[in-house]
Amino acid sequence: MADIFRKYIGEYKKTHRLSYEQSKAVSAIINCRTPAMGGVMKTCSVCKALEFHYKACKNRHCPLCGAFEKAQWLEAQKKWVLPIHYFQVVFTIDHVFNTLAAFNQKLIFDLFIKVAAQLLKEFGQKYLGGEIGFSMVMHTWGQTMQEHLHLHFIVTGGALISAPTGYSWNAASHKFLFPVKLLSNQFRNRFCFEISRLWVDGKLNTNDGALDVQAMLTEGMSKNWEVYIQPPLYDKEKLIEYLGRYIFRIAISNHRIVAVGKDTVTFKYFDNRDDGKEKLMTLPVMEFIRRFLSHVLPDGFVRVRHFGLHHASCRAKLQHARRVLGLPFQLPATLKLKFLDWFKQITKSDEDPRICKFCGQGLMLPIREFGPVFGWRLKAHALLGLLTSWKNVLPNFVLG
C-alpha cells in the first residue's frame, strides 16, 4: 500500500478530495518505518556494529502495524470469557443506504451500532430472561473493498438472571439463540424509523438535497433484511483468537496484493457467492485507492465496543456469572505481554531477535533515539546508513 500511495497519490489528489482522516492515513502509511518517523540507533554489544530501526506509524489503517498491540488487547479480553458457548451474530444494513452513510459516517455508524445493540439486549431479556454479554466490531467493506457496512457480534449463549433469591444462569440451546426472522424485521423497521427521524429533524447531510432519503427508506422497507446468527463453532479457548481475526482487520492487507501494473492493481479475494473460492480482481489504480480510502474511519470513532456483561460497568454482574458457572468470583488479572516473549512465540523460535546479524554473538542494544529526518538531513542520514553498512560488512568480507 505504501508503494502504491507513493507512486499514485499525487495523481489521485488531482481528481479526488481527501478528508482530514484520509490524508492522515495516507501520510502514516507512506512514512511507516521510514526515516520520516524517526527511530532508534542500536549498536552491537560485542562488535559495535550499528543499525537504524525506524518507528511504526501505529495508524489503525496501516497494513504493517498493530500486531503486538492486537496481542495485548486480546489478552485483556480474556477477563470476560465464560465457560459457555458463544454465537456470532452479523447485522448488515441494506446497500441503498451506502451513499447516505458516506456523507454521514459517524452519525450513521453510531446509529447502526445503537439499534443493533438495543435489539440484542431486548431479545436477551425476552428469550433468555436476563442479561447477556456481547462484543462488537464494525466493518465497512466486503472482499473486494466495496461498500458493505456490517457488524460482527460475539454473543453469550445464555443470560445471567437476577432474582430476590440470587443469581442463576439460563443457557441457550447450541442450535438456537433468537428467532432470526423476527430479529431481522425489527432491525430493518427500527433502523429505517431512526433514519427517518434524523431526516425530519434536519440532522442528515443530503449533499444539498441530491440524496433522496425518502426513496431510500421506501426501497429499504420493501426488502427483507437478513441478520445472520451462526451457531457456536469455537470453544472458549479459540474464541479470542477468532475474535482477533475480525477486530484488527483492515480493508485490504499487503499479502492480498498480487501485482501492481502501470495503472492497475491486482489482488486476491474470496468470492462468497461462489462457495468462497479464491479469485483475482484487477482494478484501475485510481479506483483501488478510492475503495481503500472510503473505509478510513472518522477520527476518534470507536469501532470495537462491549455491551451487557462484557461492558466495564457490569463487572460485578460478570463476577456473579463467573461464580454460578463454576469459576472463581474474582476476575482474572490481565497478563502484561513482554515483546521478546511474544515475538519468540509467534516466530516459533527460541533465538533472541536482538542477536547481531554481523558477528552473531552480541546483542543489538539501543544507544539513542532520533526524531523525524527530512530535507538535507535525510540525505546525510542515508549516507551515514550506507557508510555504517560498509563498515559492518567490509571487515567480515576481508576476513572471509
ask   = How many nm separate the modelled label positions at residue 163 and residue 242, each set 7 Å beyond the Cα in the direction of the Cβ?
value = 3.0
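Starting with the highest mean, order 75-82, 164-171 by the number of other Cβ atoms within 10 Å, averaged over the residues of each peptide. Numbers along the way, then the final one.
Details: 75-82: 18.0, 164-171: 12.0.
By packing density, highest mean first, the sequence is 75-82, 164-171.
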task = Straight distance only, please: which lysines reach the Cα of residue 106 with their own Cα at less than 20 Å, same-chain residues fewer than 8 apart left out?
result = 24, 114, 203
request  = Per residue of segment 14-28, in order, report the coupling 6.51 cos²θ - 1.76 cosθ + 1.60 (Karplus, θ = phi - 60°) as ³J(HN,Hα) in whole Hz, putting x for Gly and Pro.
outcome  = 5, 10, 9, 8, 8, 6, 4, 5, 5, 4, 5, 5, 4, 4, 5
message = So if I restrict to the alpha-carbon atoms in the chain, what is the Rg, and what is Dmax, the biggest pairwise distance, in Å?
response = 25.4, 83
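Evaluate E = 1/(1 + (r/R0)^6) for residue 181 and residue 363, where r is the Cβ-Cβ distance and R0 equals 56 Å; express this FRET efficiency to the nearest 0.05.
Working: r = 61 Å, r/R0 = 1.10.
For residue 181 and residue 363, the calculated efficiency is 0.35.
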ask   = Under a Cβ-Cβ cut-off of 12 Å, what is the net charge of the residues other than residue 66 that fall near it, where Lys and Arg count +1 and Asp and Glu count -1?
value = +3
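Using the Cβ atoms and a cut-off under 14 Å, what net charge is assigned to the surroundings of residue 123, where Lys and Arg are +1 and Asp and Glu are -1? Kindly include the intermediate steps, with their values, before the conclusion.
Working: positive: 121, 126, 181, 190; negative: 122, 131.
Net local charge, residue 123 excluded: +2.
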remark   = Around residue 364 (Cβ within 14 Å, Cβ-to-Cβ, excluding residue 364; K/R +1, D/E -1) the net charge comes to +2
inquiry  = Going by amide H atoms built from the backbone, whose H comes under 5 Å of the H on residue 148, apart from near neighbours?
reply    = 141, 142
note = Any residue on another chain or 5+ positions along whose placed amide H is under 5 Å from the amide H of residue 297 is listed here as none
query = What FRET efficiency do you get for residue 53 and residue 249 if R0 is 22 Å and r is their Cβ-Cβ distance, rounded to the nearest 0.05?
reply = 0.25
message = Using alpha carbons only, how many angstrom separate the centre of segment 1-77 from the centre of segment 80-139?
response = 32
inquiry  = Using each residue's phi in segment 260-271, evaluate 6.51 cos²θ - 1.76 cosθ + 1.60 at θ = phi - 60° and report the 3J(HN,Hα) Karplus result to the nearest Hz, with x for Gly and Pro.
reply    = 10, x, 4, 9, 9, 10, 10, 9, 8, 8, 9, 8
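By its C-alpha gyration tensor, with a ≥ b ≥ c as the square roots of the eigenvalues, how is segment 219-333 shaped: rounded for a/c under 1.5, else prolate for a/b larger than b/c, else oblate?
Values: a/c = 2.22, a/b = 2.12, b/c = 1.04.
Here segment 219-333 falls in the prolate category.
Laboratory data are not the source of any read-out in this text; all were calculated from the coordinates shown. This one's a predicted model, so the numbers in the text were calculated from it and none came from an experiment. In this analysis, Cβ positions are derived from the backbone assuming ideal geometry, glycine residues included, and neighbour counts consider all displayed protein chains.
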